[in-house]
Each structure stands twice: as C-alpha cells, then as structure tokens.
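Step one of this worksheet: look at the structure below.
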Amino acid sequence: MQIRPLGGVLLTVTMFLGTAVAGPDTSRLLNLGREAAKAGNLDDAERYHRLAVDLAEQSADSAELAEAIGELGGILLARWRVEESKELCLKSLALLRDSKNNRYLPVVLNNLGVISMHRGDYAHSEAYFKESLRSVRAFPRPGAYEARVVYNFAAFYYR
C-alpha cells in the first residue's frame, strides 16, 4: 500500500489489506494507477484512476464504483486538490454505505478525516477518524492499516 506524508499525516492512495473489489479490467487500471503513484507519477496515476472510474460506472457493482472513485479521490488529495478529493470521497462514502461490501470504507473515512483536518473542520475530522478506526477494527485481521489510521488520529489530536 502506498502512503504519502501530507502535513504530518499519512494519506492512503491505494487499497488496504490487498483486497480490491473491482472487476478484472477496473482492477487492472487501478493497479496501474497505484504503481504510477508509487513511482511518484501522479499524472499517470490520475489518468489510470479516471479510466477505472469510467469503466466502473458501466458496471452494476456499487462497491467497485466506490473503490474506483475513492482511489481517484486519494490521488487528487495527494495532488492537493482538496475540494475535488472531498467531493469524490463523499460520493464514494455514500456508495459504500449503501453497499454490502465495506472493505474500502476505512480508506475513504481516513482520507475524509485528513481533508477535514486540513480544512479546520475538526469535529468532522474526529468523527471520520473514529469511524475509520471502528471500521478497520471490525475486520478479522486489521493489519498495518490500523496503524495508519491511529497515526492520523494522533496527528489530529496533536494539531
């Protein structure tokens, strides 16, 4: 999983726990975007993620679309395009809340926590981080992603 420091917090720009819900073509595009992001090529990462969103919009799977939109939101946040990122993350969150598959939920909530914190909206930031932590801890093996959420939560309280 690729993470980027952003003003004292860790920004998640790839799927955690290695379990994508996207279909094979969308998943391939997301993986290409993730690799581009790891290499620091955010232009290519954004292009691949936009293609993944376009493809996911054609599927009937709301979890697949939510993942693709959330991934694009993470890339835009890494590019410091905060308002666009927030809009996409909120759209992804709405789709995830309506979906039975919530594996991607902690990622979107964590990114929304970062966005809210940097905008000075501390009440929402705290709520997003708390929900992200509860969500990731509900998985049988939360793994390293829990540490990323805790780190961001600690940065929030430090700030």
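The values are calculated or read from the model by the stated rules, or taken from the named source; none is laboratory data. Computed from a prediction, not measured in an experiment: that's the story for all the values here. A quick note on method: Cβ atoms are made from the backbone with ideal geometry, for glycine too, and the neighbour counts reach across all protein chains shown. Ligands, DNA and RNA are excluded from the accessible area calculation, which covers all protein heavy atoms including side chains. Shrake-Rupley method; radii C 1.70, N 1.55, O 1.52, S 1.80 Å.
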Among all residue pairs at least 6 apart or on different chains, which show Cβ distances below 6 Å where the first residue, located in segment 103-131, is touching a residue at least 12 places away in the same chain (Cβ under 8 Å) and the second is part of a loop (DSSP other than H, G, I, E, B)? 103/19; 107/16
Going residue by residue through segment 62-79, is there one that turns out to be acidic (Asp, Glu) and within 13 Å of residue 152 (Cβ to Cβ)? no
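If a residue has to be part of a loop (DSSP other than H, G, I, E, B) and open to solvent by less than 50 Å² (accessible area, probe 1.4 Å) to count, how many in segment 122-142 make the cut?
Total satisfying the criteria: 2.
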If I ask for residues that are closer than 20 Å to residue 35 by Cα and free of Cβ contacts under 8 Å to residues at least 12 places away in the same chain, which ones from segment 49-79 would you list? 54
With the condition kept exactly as written, say whether any residue in segment 59-74 is of a type in the set (S, T, N, Q), under 18 Å from residue 26 (Cβ atoms) and open to solvent by 20 Å² or more (accessible area, probe 1.4 Å). yes
